[in-house]
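First up is the structure itself, then whatever we jot down about it.
Computed from the coordinates by the stated procedures, all read-outs in this text should not be read as laboratory data. The shown structure was predicted, so the numbers you read here are calculated from the model rather than taken from an experiment. Heads up, the Cβs are rebuilt from the backbone with ideal geometry, glycines too, and the neighbour counts pull from every protein chain shown.
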């Protein structure tokens, strides 16, 4: 019963008072609180779901306390209709009139359907829901699906906390809901039983760990547990944890790992002695950031650089310290965290707190702040008690703007002290801008191809990789943050699958990817238990298309792997009988001056991505400065093959760099062998709006620009020499 009590407490919050007519606003996984419409926002058979709304039941806490569970509780009942079949859900917890937790019966059909709640004979509106076989969520201590997870010792007696860390070789249980249906009478008692381990992967700190057991718990209905073994090589107060079932990731939580003792420790984090005292913690966070941004648009590319400063001084009580999310940069290298948020700022569902972090601190008065470097002194303006923010300078020539301020080298932040925090001084050296080597190649984030980012060596600085995708139609957004080591990092497939698909605004995808160097220096101030100065130099690129590969079809499924792989329809690829990828092309396809017939090679195209309205093909020679051999656009999206010599007729052809319309075969200088590139680009527009015969510069630029927001790009190379 101890476990059940812990989990029930986590599902209680305060919402609005009851009204006569129930209003049903949202239904989310009771563990993850994943937003409806997000990649992991579907509801699984046999899982617990939390409903948010107005006037849905009595405005006082009540929970079921005896078997068998009934389909009506405290005057509340819920129906779910999918494909013409209606089942009765089981109300389990009434937190208030605005929040009710139910069990979705295991025999609920999979697919898109409607949920209706009835309270004292009054029926609510119908809420659209999607029922799937599996969609796992991990309980979190903060009751919002983020931050430290509910991860217990195998006997259920102790929770993983900052003061009760796991160690390598130990077994711990992840608690959640959404593994899937059970076969027994789930309303009559717990139905423990295993889930197939070959369908589940668990990643801790970016490492796939051993799973001992996964299945329904023996304590309760609809609650699952996953037993894992902590691997070697991990340490930290906020180590990321994610569960992947059939390719679909859960929410991301963290756990504390320390092989040297129960109390965790992070450089610059809350000191272990403060954690042990369990008297709460006062934390100061100061950051100086240079943000370089590149965003393509319909009228050109927008570039800007902004220097800014931010600071917060916060007080967390003891229980909040164990529930709060980790501070950026504290989780281990080569691991990632993903978070979701509302992207539409709508007030349609004001009583749905499923995307709100309830761990709210008290703010501390630290007086006035300023920063000094070789360019002089700048104030970090106070915007409210405990919060400070200023833009120091910008590269944009806007009225009233100042020139860029931050420089590589020393910076000092001074605080005059206030009612809660005494005077202090914090020193740090600002890093230079990271050299992002393959920035121009990062245009699409999809599981169909590896998403590898590369940069020059940054010495001892920490490298952070981050990204954001906005689905404005669905009103949801997703972001990720990864801490990387070395000079390259490939985004894990489970991170890519957790991100929503990017919307287009004026033809530009609402996706962003960036990287930056991160330095963290400790500081001290009277009244603070922890003080940290972060210095960040970031390079961000907009116009990135996240393809939303993880959107779960009815019934679940998907790529069973946890890493990069192909989507359900396979990778967007093409082939040719004229060459093997990376190999030489037959001479007949060369220019006449190099012994060929100047005929274009045949092509076959497979798995054209969804939402493609036309195709573009670009053939160029990077070894000759990007000499364009062919540029063709407005190719119908139903095209699956182009015959030999038929490239120009497949769509609208442009003028190549040789001055002819259509295809011009390879013909490098004598004694040289060049590598040529063919790209087939999926374009979310039916026409490029250019006439036939547009020159090579315009045509090549056009197709390369389309690559920034393509639905997909298939690419290959061939060689030719003489």
Item to check | Efficiency of FRET from Cβ geometry, residue 638 and residue 360, R₀ 41 Å, rounded to 0.05 | outcome: 0.15
Next on the checklist: Using C-alpha positions alone, give me the convex hull volume of segment 573-721 per residue in cubic angstrom.
Outcome noted: 91
Checklist entry - What order, most packed first, do the peptides 581-593, 435-447 have when packing is the mean number of other Cβ atoms within 10 Å of each residue? => result 435-447, 581-593
Checklist outcome for this item: Full extension between residue 580 and residue 487 adds, at 0.36 nm per residue less the Cα distance, a length in nm of 30.4 nm
Checklist entry - So for the pair residue 524, residue 389, with labels modelled 7 Å out along Cα→Cβ, what separation do we get in nm? => result 3.2
Checklist outcome for this item: With a Förster distance of 22 angstrom and the Cβ-Cβ distance between residue 610 and residue 505, calculated FRET efficiency to the nearest 0.05 equals 0.70
Checklist entry - Taking 0.36 nm per residue of separation and subtracting the Cα-Cα distance, what length does fully extending residue 649 through residue 273 add? => result 127.9 nm
Checklist outcome for this item: Descending packing, highest mean Cβ count within 10 Å first, for 239-251, 22-34, 300-312, 200-212 is 239-251, 22-34, 200-212, 300-312
Item to check | Unit Cα scatterers, Debye sum, segment 1-264: log10 I(q)/I(0) for q = 0.08, 0.09, 0.13, 0.17 Å⁻¹ | outcome: -0.30, -0.38, -0.78, -1.26
Checklist entry - If you line up the long axis of helix 696-706 against the longest principal axis of the chain, both from Cα atoms, how many degrees apart are they, to the nearest 10? => result 10
Checklist entry - Tell me, what is the FRET efficiency for residue 341 and residue 310 to the nearest 0.05, using R0 = 25 angstrom and their Cβ-Cβ distance as r? => result 0.85
Item to check | Label-point separation, residue 599 to residue 404 (7 Å along Cα→Cβ), nm | outcome: 5.4
Checklist entry - Between residue 128 and residue 425, 0.36 nm times their residue separation minus their Cα-Cα distance comes to what? => result 101.5 nm
Item to check | Gap separating the Cα centres of segment 271-321 and segment 19-57, nearest whole Å | outcome: 31
Checklist outcome for this item: Within segment 488-522, the residues whose backbone N lies under 16 Å from a label point placed 7 Å from the Cα of residue 437 along the Cα-to-Cβ direction are 488-491, 515-516
Item to check | Residues of segment 167-187 with amide N under 15 Å of a point placed 7 Å along Cα→Cβ from residue 334 | outcome: none
Checklist entry - Which one is right for this structure if Rg and Dmax of the Cα atoms in Å is calculated from it: [x] 34.0, 109; [y] 32.9, 125; [z] 28.2, 87? => result [z]
Item to check | Whole-number percent relative contact order across the chain, with pairs defined as alpha carbons under 8 Å at least 6 apart | outcome: 11
Checklist outcome for this item: Taking the chain and counting helices only, DSSP H stretches of n ≥ 4 at -39,500 (n - 2.57) each over all residues, the nearest-500 ellipticity at 222 nm comes to -1500 deg cm²/dmol
